[in-house]
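Notes to accompany the following structure.
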Amino acid sequence: MLDTLFSVKDHVVLITGGSRGIGKELASAFASRGAQVIIAGRNKETLNKAANEINTSSNSVSSEVCDVSSSDDVEVLVNSVKSQYGKIDTLVSVAGVNKRMKAEAYTEEDYDSITNINAKGAWITAQTVGREMITQGSGSIINVDSLNTYAPLRGTTPYAMSKASVLMMTRGLANEWGRHGVRVNSIAPGFILTDLTKKVWADETMQAWGKANTPLERLGTVSDLIGAAIFLASDASQFMTGQTLRVDGGFTAGINWPIDL
Ligand code: NAP
C-alpha cells in the first residue's frame, strides 16, 4: 500500500529564506517529494545558485527576490506565486537573522533590523499568504522560532524577543484561521550548523558545551528538520494547529548536572 498520509506531491510550497541553510534544505526536501517549490530571499545570485543546485529533471524549484520586511515585496511575491501556480498549499517562513552581543551594546538600528525581519517580516508573510489561504479554504503555515523563544541564551535578547513574537503569532493565527481550514504551526530548531551559527560553533568550547547539554549528544544538521516540516505540511498533521515542534535533540527537555549523575 502506498501511504499518502505524509505526501506533499503536487503541493505548491513557498519557502522564505530558501536560498541558504535550513530553508534551502527544506526546499530540496519538498521538491524531491514532488512539490512545486518557490524559494525567496534578498539576493538574486544566491537564490539562483540554490535553485540550480536543487533542480533536477524530476523536480522543480523557482526563485523570487523578496525582502520579507517589506510589505510591498511580499505582496509582489505572493501575487507572482498565485498567478504562476494558482494556489499556495504551504508557507514555510524561514527567513531570519541574528546578531549576538551584550544587551547594553545593541543600537536601535540593530534592534530594528532583527525585529523587522524576524517578527514583522514573519507577520507580513503569514498575513499576506494567509489571505490567499482563507480564500482557498485550506493551507498550512509553518513558522520557525527557536529554543531562544523559551529561555534566551545570553547575548541574544532582541532575537529571543522576536522569536517569542513568532510563537505568539503562531498561536493567534491558528486560533483565528482554523475556521477557514488554515493551520498554523511552528518548528523550534535547536543548534543547527548553518551560516547563521557557524561562527559560534567554530569554537571548540562551544561545541563541547552544546553536545554535553543536548541529550542526543550532537549538534543538529539542516536535514534534521525535514521530518517535522513534511509532517506539518501534510495530512499527517491535519488535526494539529497552533503548536510548536521542538527539534533540538532534547536541549530544552531538561538541565544537566556538571557531574556524571
Ligand atoms: P541562514 O543560513 O543565515 O539563512 C537565512 C536565510 O534567510 C537565507 O536564505 C537568507 O537569504 C534569508 N533571509 C534573511 N533575511 C531575509 C529577509 N529580510 N528577507 C528574505 N529572506 C531573508 O540561517 P539558518 O540558520 O538557516 O536559519 C533559518 C531560520 O531558522 C531563521 O529564522 C533562524 O532564526 C532560525 N533558527 C536557526 C537556528 C540555527 O541553529 N541555525 C536555530 C533556531 C532557529 P538572504 O540573506 O540572501 O536574504
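Scanning the stretch 96-126 for residues that are among the hydroxyl-bearing types (S, T, Y) and within 23 Å of the chain's Cα centre (by Cα), which turns out least open to solvent (accessible area, probe 1.4 Å)?
T125
Could you list, ordered by first residue, the pairs with Cβ atoms under 7 Å in which the first is in the stretch 125-152 and within 16 Å of the ligand (Cβ to nearest atom) and the second is acidic (D, E) and open to solvent by less than 50 Å² (accessible area, probe 1.4 Å), at least 6 apart or interchain?
L147/D248
Select from the stretch 212-226 the residues that are away from the ligand (no atom under 15 Å from the Cβ) and either surrounded by 14 or more Cβ atoms within 10 Å (Cβ to Cβ) or of a type in the set (D, E) (or both) and list them in ascending order.
E217
Is it fair to say K198 is exposed (fewer than 15 other Cβ atoms within 10 Å of the Cβ), among the charged types (D, E, K, R) and within 10 Å of the ligand (Cβ to nearest atom)?
Here the answer is yes, as K198 does meet what is asked.
Specify the residue that is modelled with the lowest pLDDT; the eligible residues are those in the stretch 47-64 that are surrounded by 17 or more Cβ atoms within 10 Å (Cβ to Cβ) and within 15 Å of the ligand (Cβ to nearest atom).
For the stretch 47-64, the residue satisfying everything is I54.
Taking the stretch 232-243 as the region of interest, how many residues are in contact with a strand residue (DSSP E or B) (Cβ under 8 Å, 6 or more places away or on another chain) and surrounded by fewer than 19 Cβ atoms within 10 Å (Cβ to Cβ)?
Residues meeting the conditions: 4.
Give A105, A95 a once-over and let me know the one that is touching an Asp or Glu at 6+ places or on another chain (Cβ under 9 Å) and modelled with pLDDT of 95 or more.
Answer to the check: A95.
The values are calculated or read from the model by the stated rules, or taken from the named source; none is laboratory data. Note that the coordinates shown come from a computational prediction; the quantities given were computed from them, not determined experimentally. All Cβ positions, even for glycine, are placed from backbone atoms using ideal geometry, and neighbour counts span all protein chains on display. Side chains are part of the model used for accessible areas, which takes the heavy atoms of the whole protein and leaves out ligands, DNA and RNA. Shrake-Rupley method; radii C 1.70, N 1.55, O 1.52, S 1.80 Å.
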